[in-house]
Amino acid sequence: MVDTFIQPYLSDHEACSPSINMSDPKPQAQKLGELMCMVTTQILWQPAADWVQQRASGSSLVCRVGSGQATYHRFDPQRKLHQITYGLRMIQAKHQPVTASGWLSTREIQKRGYFSGELSTLNLLAHTCCHEFAHLLQHSAGKRYRGSVHNRHFYNILDELHESGLAEATREALATRASEHQVPLSNAQFQLPDPALQPSPWQVDDPVMFVSGTQEFQGEIIRVNRKTCTVKGTGKFQGQRYRVPLSMLQRTH
């Protein structure tokens, strides 16, 4: 499932973001994504591989960096292949408070007290690795259901990753790899901006699009709220409505 932030009407998972203050941000974000893949494989997958393979013999994992913002776990039953994708624009978005505020991983750190509830780029990216790997374990345990993805079984697994020390090991490994490869990765704690003080760039009737998982949705804004917009689906999405965080919206023209 994707780490985005669609709130029901849709679901959750990782959006369009303003420009990020990183020098040459795309190559650096690409490298950070590759390091996240490395850490996921070495720190999270290796201890769990035997358990996963007992439930589906021959199962393997491949991690990749996607070109957009979608961040998700997927399983191919024919090849018995787990795939975790970390979106390039998700990585960029988690470098600044204003663009990090809408993500599910941000809310989880704050509300569940992961990493002592402290938000930083390092904590957000490390937790993203744990979040997507928890989906892998959830799927392997047969506890992921259609319409019930971020359920109590998922959060039991995610809590265990943090309580067992694996999340902290992931965080430390990611910081170490970034330092070794001379890729900037800040551990400086930041506070999220007050949404009430941020002017909305959106208006009713604006044509917009947003992404959840691997699917792109299109529609028109019918209501501008303090933190979200209500979007009426257009085209093949006609008849549907979504409540979408402001940071996730993109103009279609």
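The values are calculated or read from the model by the stated rules, or taken from the named source; none is laboratory data. What you see is a predicted model, and the numbers here were worked out from it, not measured in a lab. So basically every Cβ, Gly included, is an ideal-geometry build from the backbone, and we count neighbours across all protein chains shown.
Quick notes on this one:
- Considering (1) within 22 Å of CYS37 (Cβ to Cβ); (2) buried (at least 23 other Cβ atoms within 10 Å of the Cβ), the lone condition that LEU88 does not fulfil carries the number (2).
- Residues of segment 95-123 satisfying the condition of being at pLDDT 95 or above and either part of a loop (DSSP other than H, G, I, E, B) or in contact with a strand residue (DSSP E or B) (Cβ under 6 Å, 6 or more places away or on another chain) (or both): GLY113, GLU118, LEU119, SER120
- Qualifying positions in segment 221-253 - aromatic (Phe, Trp, Tyr) and within 25 Å of GLN92 (Cα to Cα): TYR242
- For segment 212-232, taking the residues that are in a strand (DSSP E or B) and β-branched (Val, Ile, Thr), the one that is surrounded by the fewest Cβ atoms within 10 Å (Cβ to Cβ) is identified as ILE222.
- Test for HIS150: is it at pLDDT below 95, part of a loop (DSSP other than H, G, I, E, B), closer than 16 Å to SER186 by Cα and not assigned by TED's automatic domain parsing to the domain that holds VAL211: no
Residues are listed down the side, and each one gets a yes or a no for (1) assigned by TED's automatic domain parsing to the domain that holds SER212; (2) of a type outside the set (S, T, N, Q); (3) at pLDDT 95 or above:
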position	(1), (2), (3)
ASP3	no, yes, no
HIS13	no, yes, no
THR41	no, no, yes
ASP50	no, yes, yes
GLY58	no, yes, no
VAL65	no, yes, yes
ARG89	no, yes, no
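- In segment 59-94, the residues that are more than 12 Å from SER140 (Cα to Cα), out of contact with any Cys (no Cβ under 8 Å at 6 or more places or on another chain) and in a loop (DSSP other than H, G, I, E, B): SER67, GLY68, ALA70, THR71, GLN78, ARG79, LYS94
- Within segment 21-80, the set of residues being among the β-branched types (Val, Ile, Thr) and under 18 Å from the mean Cα position of the chain (by Cα) comprises VAL39, THR40, THR41, VAL62, VAL65, THR71.
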